[in-house]
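What follows is a single structure, written as structure tokens, with notes after it.
The values are calculated or read from the model by the stated rules, or taken from the named source; none is laboratory data. Computed from a prediction, not measured in an experiment: that's the story for all the values here. Because the Cβ atoms are built from the backbone with ideal geometry, glycine has one as well, and the counts that use them run over all protein chains shown.
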Amino acid sequence: MTSLDHLADRQEILDLLATYCRGVDRLDLDLVRSVYADAGVDHHTGFDGTADEYVAWLARALPLLDGTRHVLGTHWCEVRGDVAAAETYGTATHWGTPASEPALNFTTGFRYVDHLVRERGRWRIAERWAVREWARSDAEDRLPVPTSGPRGDRGPDDPMTQLLARL
């Protein structure tokens with residue numbers, strides 16, 4: 001493997017992780033499922049099981065929130081042929097109604113510890129450990145959402161969804 005191949009693999013893996021975050025934040029569960037290997041497994045706070053079971057769990061849990069925002073930070077990856085290990089730090093903010101409910105309004109710092117495999121020529125998550133490093137309540141700390149200007153949406157009214165439809 002050349003260093004360019006290694007860089008391409010690392011970039012594909014980082015893009016895969018960003019795709020996962022986009023799927024969760026936009027409530028696009030097909031996109032979330034697409035990042036997992038066929039026999040993928042996920043270990044999250046409050047969940048432990050197959051990727052299909054995880055997506056079903058998200059389908060019940062995410063609509064209870066008004067939104068989420070995942071931000072990825074430090075990323076380390078080691079590629080060994082068609083398998084890889086990655087550790088990616090991040091923060092995730094969750095908000096819901098009522099704003100006073102801590103279980104719906106919190107920010108957490110995490111690490112994704114991922115075992116990845118190349119499946120049908122594409123990198124996929126074979127097993128993920130979503131390690132919660134810390135969490136803080138954001139209950140009652142939310143400012144009002146502006147009434148003018150672009151607004152995020154989990155559906156067709158989101159500016160990115162509209163832009164992609166125009167391309």
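Say whether the condition of being touching a residue at least 12 places away in the same chain (Cβ under 8 Å) and on the phi > 0 side of the Ramachandran plot is met by at least one residue in the stretch 136-146.
Yes, the stretch 136-146 has at least one match.
Any residue that is under 16 Å from Arg22 (Cα atoms), modelled with pLDDT under 95 and of a type in the set (A, V, I, L, M, F, W, C) - is there at least one of those in the stretch 133-150?
no
Looking only at the stretch 72-118, which residues are within 26 Å of Glu140 (Cα to Cα), surrounded by fewer than 16 Cβ atoms within 10 Å (Cβ to Cβ) and without any contact (Cβ under 8 Å) to a residue 24 or more places away in the chain?
Thr91, Pro98, Ala103
Of the residues that sit in the stretch 1-55 and are among the β-branched types (Val, Ile, Thr) and touching an Asp or Glu at 6+ places or on another chain (Cβ under 9 Å), which one is farthest from Gly96 (Cα to Cα)?
Ile13
Quick check on the stretch 92-144: of everything there that is within 13 Å of the chain's Cα centre (by Cα) and of a type in the set (Phe, Trp, Tyr), which residue is farthest from Gly67 (Cα to Cα)?
Applying the filter and picking the extreme gives Trp129.
Please find, within the stretch 28-46, the residue that is nearest to Glu119 (Cα to Cα) out of those that are of a type in the set (A, V, I, L, M) and either buried (at least 19 other Cβ atoms within 10 Å of the Cβ) or at pLDDT below 95 (or both).
Ala37
Looking only at the stretch 29-50, filter to residues that are charged (D, E, K, R) and free of Cβ contacts under 8 Å to residues at least 24 places away in the same chain; which one of those is farthest from Arg69 (Cα to Cα)?
The qualifying residue farthest from Arg69 (Cα to Cα) is Asp48.
Can you list the helices (runs of 4 or more DSSP H) lying wholly within the stretch 1-104 that have 1 or more residues being more than 21 Å from Arg124 (Cβ to Cβ)?
Here the list reads 3-25, 51-61.
Only one residue in Arg69, Arg122 is basic (Lys, Arg) and under 28 Å from Asp138 (Cβ atoms). Which one?
Arg69
Please go through the stretch 12-24 and pick out each residue that is touching a residue at least 60 places away in the same chain (Cβ under 8 Å) and buried (at least 19 other Cβ atoms within 10 Å of the Cβ).
Result: Ile13, Leu16, Leu17, Tyr20, Cys21.
Among (1) in contact with a Gly (Cβ under 9 Å, 6 or more places away or on another chain); (2) more than 15 Å from Arg118 (Cβ to Cβ), there is one condition Glu53 misses while meeting the rest; what is its number?
Every condition holds for Glu53 apart from (1).
What single numbered condition from (1) surrounded by fewer than 16 Cβ atoms within 10 Å (Cβ to Cβ); (2) within 21 Å of Ala59 (Cβ to Cβ) fails to hold for Ser137?
Single failed check for Ser137: (2).
State whether the residues of the stretch 113-136 include one that is out of contact with any strand residue (DSSP E or B) (no Cβ under 7 Å at 6 or more places or on another chain) and part of a strand (DSSP E or B).
yes
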